[in-house]
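No lab work stands behind these numbers, since they all come straight from the coordinates. All of these numbers come straight from a predicted model, not from anything done at the bench. Neighbour counts run over all protein chains shown; Cβ positions are idealised from the backbone, glycine included.
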Amino acid sequence: MINVGVIGYGYWGPNIVRNFNSIDGSKVLLICDSDQASLKRASKAHPYTTVTTDFRDVISSPDIDMVAVVTPVSTHFELAKKALQNGKHVFVEKPFTATVAQAEELIELAEPYIYF
């Protein structure tokens, strides 16, 4: 079982949560958003999923194997980097990063986790 934490429950977040929950062997355990109204929607749609306003809860949780970053692109790099540094697998909504240099740095950080 892959336990997923989703950061961002705005426009695309509900779709990402639904899709990860529909995959056999995958379950969203934690949803994070800074907006209380978004978290209320998440709680209503997924009553058995924990919600939080603090992204560090997702990134640092020993129960989370993978972090899905579904936030504005300006936050993608820092959130994905912190998740990788905490040993998490990472899914980032497109665009991946704001710059090529950021993308290259994340790819370098992720290399130990890439399996072919």
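Do we find a residue being touching a residue at least 12 places away in the same chain (Cβ under 8 Å), outside any loop (DSSP other than H, G, I, E, B) and of a type in the set (S, T, N, Q) anywhere in region 78-91?
There is at least one residue in region 78-91 that is touching a residue at least 12 places away in the same chain (Cβ under 8 Å), outside any loop (DSSP other than H, G, I, E, B) and of a type in the set (S, T, N, Q).
For region 63-87, give me each residue that is in contact with a strand residue (DSSP E or B) (Cβ under 8 Å, 6 or more places away or on another chain), surrounded by fewer than 21 Cβ atoms within 10 Å (Cβ to Cβ) and farther than 19 Å from residue 34 by Cβ. Let's see the steps before the verdict.
First pass over region 63-87, keeping only residues in contact with a strand residue (DSSP E or B) (Cβ under 8 Å, 6 or more places away or on another chain): 63-71, 75-76, 79-80, 83-84.
Now narrow it down to the ones that are surrounded by fewer than 21 Cβ atoms within 10 Å (Cβ to Cβ): 63, 65-66, 75.
Listed by number, the residues that qualify are 63, 65, 66.
Regarding region 95-108, can at least one residue be identified that is touching a strand residue (DSSP E or B) at 6+ places or on another chain (Cβ under 9 Å) and free of Cβ contacts under 8 Å to residues at least 12 places away in the same chain? So that I can check it myself, show each step before the final result.
Quick first cut of region 95-108, residues touching a strand residue (DSSP E or B) at 6+ places or on another chain (Cβ under 9 Å) only: 106.
When the remaining residues are screened for being free of Cβ contacts under 8 Å to residues at least 12 places away in the same chain, the result is none.
No; the residues of region 95-108 include none that is touching a strand residue (DSSP E or B) at 6+ places or on another chain (Cβ under 9 Å) and free of Cβ contacts under 8 Å to residues at least 12 places away in the same chain.
When you scan region 19-31, how many residues do you find that are part of a helix (DSSP H, G or I) and either of a type in the set (Phe, Trp, Tyr) or crowded, with 17+ Cβ neighbours inside 10 Å (or both)?
Pass one, region 19-31, residues part of a helix (DSSP H, G or I): 19-22.
Subsequent filtering for residues that are either of a type in the set (Phe, Trp, Tyr) or crowded, with 17+ Cβ neighbours inside 10 Å (or both) retains 20.
Within region 19-31, residues that are part of a helix (DSSP H, G or I) and either of a type in the set (Phe, Trp, Tyr) or crowded, with 17+ Cβ neighbours inside 10 Å (or both) number 1.
Restrict the check to region 5-15 and report whether at least one residue is in a strand (DSSP E or B), touching a helix residue (DSSP H, G or I) at 6+ places or on another chain (Cβ under 8 Å) and without any contact (Cβ under 8 Å) to a residue 60 or more places away in the chain.
no
Please verify whether residue 53 is among the polar types (S, T, N, Q), surrounded by 13 or more Cβ atoms within 10 Å (Cβ to Cβ) and touching a Leu at 6+ places or on another chain (Cβ under 9 Å), treating the condition exactly as stated.
Numbers: among the polar types (S, T, N, Q): yes; surrounded by 13 or more Cβ atoms within 10 Å (Cβ to Cβ): no; touching a Leu at 6+ places or on another chain (Cβ under 9 Å): yes.
The answer is no for residue 53.
Give the residue, chosen from 74, 43, 38, 34, that is closer than 24 Å to residue 98 by Cα, without any contact (Cβ under 8 Å) to a residue 60 or more places away in the chain, in a helix (DSSP H, G or I) and of a type in the set (Gly, Ala, Ser). It would help to see each step written out before you state the result.
Working: 43 fails: closer than 24 Å to residue 98 by Cα; 38 fails: closer than 24 Å to residue 98 by Cα; 34 fails: in a helix (DSSP H, G or I).
Going through 74, 43, 38, 34 in turn, just one is closer than 24 Å to residue 98 by Cα, without any contact (Cβ under 8 Å) to a residue 60 or more places away in the chain, in a helix (DSSP H, G or I) and of a type in the set (Gly, Ala, Ser): 74.
How about region 46-71: which of its residues are in a loop (DSSP other than H, G, I, E, B) and either touching a residue at least 40 places away in the same chain (Cβ under 8 Å) or charged (D, E, K, R) (or both)?
Let us first name the residues in region 46-71 that are in a loop (DSSP other than H, G, I, E, B), namely 46-49, 53-54, 61-65, 70-71.
54, 61, 63, 64, 65, 70, 71, listed by residue number.
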